[in-house]
Amino acid sequence: MSQFYKTSFVYSCLRVYTNFIFKRWFNKIEINGEYNIPEGEPVIFAPNHQNAFIDAMALLSSSPQPIVFWVRADLFSNKIIGFILRSLKMMPAYRMRNGFSNLKKNEESMCDSDEVLAHKQFLCLMPEGGQEEYRSLRPLVKGIFRSAFSAQEKLGENEWVKIIPTGIDYGHYDKSGRHLVMNFGKPINIKDYKQLHDENAPVALNSIREELRKRIEPLMLNITSKDHYNTFYTAANIYNYPMLQVMNISENETNRLAARQKIVQILEQAENDERCTKQIEELDKYCKAWETKHNDVSFSARAQEFEGFDTDLLIKIIYLIVTIPLELYSLALNGIGYGVCKLLGKKARGTGFESSIKFGGAAILMPIIYIIETLIANMYFPDIKTTIAFFFSLPISFFFMLRYNWKLQYVKERIRNLIKKDEEPSHISSLVQEIISIIGLN
């Protein structure tokens, strides 16, 4: 049995390193409900799963202690990769697609999970059983609940396993420089279902699964519409700021998520209301027309909220011009390495692993490049102090390069809007307002 509950010195160092990078991979990170995470108790996190290992990093960077993850078993097929994953506190989870005979191997992982929770460590099982790059909560599988009750049998009645509903919202799945919102909900206490489980296990599993679903949904953007998924997502982003004003709440990423949730809720009600049939058809037409012009829906929608040439745009343009020498320096030191990471990520496009590969590639490849560049620099600047200063300037230049590129994308989008103003957003906003007047805010 692997002792996943133990944390090595190497793992602790890696966690500090990756958390440092991860928190700078995003333009803004907001964490809500940390008080719902009990310390010194057996805890299982249950997040929505849309972004491969980035979801795991989002949890790790928000958690007060390490987390052991169940990960799809096929990633362990290579012995070397399997060893690395286990060293990083990841255990294999076998599913029916891995073959019925392999399901028995889950017993070992279940025993390891029991040990993790018995030592009051944190565990994470993705309750959807897999991932998709869609802002929808898929049906929950029962593995997470079986794990919770299995551990509870060994814990007795002195300690009770808590399941933490978790919602994750990204500004973009594959691009850095956007937002990340982490929402931790009120924990589900296995104690509340223990008696029912003893009397009728299937009924208890279905009951707790339904409760978990109800608690995750408010923590994420959950678009359930099959026919108008893209339309509702686009409309939720274009009408995002006006909805903040309608709801009379301040602007931050958490509240913007709440506004998008409200818009989607209203539109999904309208989808099934005959009074709104015409408006939904018109909304679909304008959203599709706008999507053909903008691949990055949320980013473009945010940029079109500004009208005219304002002070913010002027300041950013001046900043980009003044700091061109620093950007060229940063590109010279980081451009090739980061370009390789982006290229590797593109090869995984559509698999849900693009962002994970770019982030992981940068975390592994860039330090190697920095060591090589430092050794080369030392040949020309043999002074040790200069060499050390140069080495530590390299990661600073990397993060500067990222932020310069983020500002450049923003300025380009703003200027594009000034030159060619799209007509669709105003139509979309008017239609959403009309639907709200029919359906109501509720």
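The values are calculated or read from the model by the stated rules, or taken from the named source; none is laboratory data. Because the structure is predicted, anything quoted here is derived from the model rather than measured. Cβ placement follows ideal geometry from the backbone for every residue including glycine, while neighbour counts extend to all protein chains displayed. Protein only, heavy atoms only, side chains kept; ligands, DNA and RNA dropped before computing areas. Shrake-Rupley method; radii C 1.70, N 1.55, O 1.52, S 1.80 Å.
Condition (residue is on the phi < 0 side of the Ramachandran plot, surrounded by fewer than 20 Cβ atoms within 10 Å (Cβ to Cβ) and not hydrophobic (A, V, I, L, M, F, W, C)) applied to the stretch 39-55: is it met by at least one residue? Within the stretch 39-55 (the criterion being on the phi < 0 side of the Ramachandran plot, surrounded by fewer than 20 Cβ atoms within 10 Å (Cβ to Cβ) and not hydrophobic (A, V, I, L, M, F, W, C)), the answer is yes, since at least one residue qualifies. Scanning the stretch 238-257 for residues that are of a type outside the set (S, T, Y), open to solvent by 10 Å² or more (accessible area, probe 1.4 Å) and within 18 Å of the chain's Cα centre (by Cα) turns up N252, E253, N255. Quick check on this structure: which one of I419, I396, I415 is out of contact with any Lys or Arg (no Cβ under 6 Å at 6 or more places or on another chain), over 30 Å from K285 (Cα atoms) and among the β-branched types (V, I, T)? Exactly one residue qualifies, and that residue is I396. Would you call Y233 among the aromatic types (F, W, Y), more than 18 Å from E133 (Cβ to Cβ) and in a helix (DSSP H, G or I)? No: the conditions fail for Y233. Only one of the listed residues (F381, F398, F359) is open to solvent by 20 Å² or more (accessible area, probe 1.4 Å) and not β-branched (V, I, T). That residue is F381. In the set (1) in a loop (DSSP other than H, G, I, E, B); (2) over 19 Å from the mean Cα position of the chain (by Cα); (3) among the acidic types (D, E), E115 fails one condition alone, (1). Within the span defined as the stretch 294-311, one or more residues are at pLDDT below 95, within 25 Å of the chain's Cα centre (by Cα) and open to solvent by 90 Å² or more (accessible area, probe 1.4 Å).
Results for (1) in contact with a strand residue (DSSP E or B) (Cβ under 7 Å, 6 or more places away or on another chain); (2) at pLDDT 95 or above, shown as yes or no for each residue.
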position	(1), (2)
M1	no, no
F4	yes, no
Y11	no, no
L14	no, no
G33	yes, yes
P38	yes, no
I44	yes, yes
N48	yes, yes
N51	yes, no
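Here Y241 clears all of (1) touching a strand residue (DSSP E or B) at 6+ places or on another chain (Cβ under 9 Å); (2) closer than 30 Å to E354 by Cβ; (3) part of a helix (DSSP H, G or I); (4) not β-branched (V, I, T) except the condition numbered (1). The condition of being assigned to a helix (DSSP H, G or I) and buried (at least 19 other Cβ atoms within 10 Å of the Cβ) holds for G337. Against the numbered list (1) within 24 Å of H49 (Cβ to Cβ); (2) in a loop (DSSP other than H, G, I, E, B), P218 comes up short only at (2).
Could you identify the single residue in K342, K285 that is under 24 Å from W25 (Cα atoms), assigned to a helix (DSSP H, G or I) and of a type in the set (K, R)? On inspection, the qualifying residue turns out to be K342. Within the stretch 144-162, being within 19 Å of V71 (Cα to Cα) and open to solvent by less than 30 Å² (accessible area, probe 1.4 Å) holds for I144, F145, S147, A148, S150, A151. Considering the stretch 269-282, the residues that are in a helix (DSSP H, G or I) and in contact with a helix residue (DSSP H, G or I) (Cβ under 7 Å, 6 or more places away or on another chain) include one that is surrounded by the most Cβ atoms within 10 Å (Cβ to Cβ), namely A270. Inclusion of N78 among residues that are under 30 Å from I263 (Cβ atoms) and either surrounded by 18 or more Cβ atoms within 10 Å (Cβ to Cβ) or not hydrophobic (A, V, I, L, M, F, W, C) (or both) is not warranted. Across the stretch 148-166, the number of residues qualifying as under 20 Å from E39 (Cα atoms), in contact with an Asp or Glu (Cβ under 8 Å, 6 or more places away or on another chain) and not in a loop (DSSP other than H, G, I, E, B) comes to 3. Residue-level check: of (1) open to solvent by less than 30 Å² (accessible area, probe 1.4 Å); (2) over 13 Å from S136 (Cα atoms), F232 misses just (2).
Contact annotation: residue pairs with Cβ atoms under 6 Å, 6 or more positions apart or on different chains, pairing a residue in the stretch 28-42 that is assigned to a strand (DSSP E or B) with a partner that is of a type outside the set (D, E) and open to solvent by less than 90 Å² (accessible area, probe 1.4 Å), are K28/H179; I29/L180; E30/V181; E30/T254; I31/S62; I31/M182; N32/N183; N32/T254. Filter the stretch 384-395 for residues that are touching a helix residue (DSSP H, G or I) at 6+ places or on another chain (Cβ under 6 Å) and open to solvent by less than 40 Å² (accessible area, probe 1.4 Å); which is farthest from K316 (Cα to Cα)? Filtering the stretch 384-395 for residues that are touching a helix residue (DSSP H, G or I) at 6+ places or on another chain (Cβ under 6 Å) and open to solvent by less than 40 Å² (accessible area, probe 1.4 Å), the one farthest from K316 (Cα to Cα) comes out as T387.
From the list S207, S225, the one residue that fits, being assigned to a loop (DSSP other than H, G, I, E, B), within 28 Å of the chain's Cα centre (by Cα), among the hydroxyl-bearing types (S, T, Y) and surrounded by 14 or more Cβ atoms within 10 Å (Cβ to Cβ), is S225.
If the condition is being surrounded by fewer than 18 Cβ atoms within 10 Å (Cβ to Cβ) and of a type in the set (F, W, Y), then the stretch 405-441 contributes only W406.
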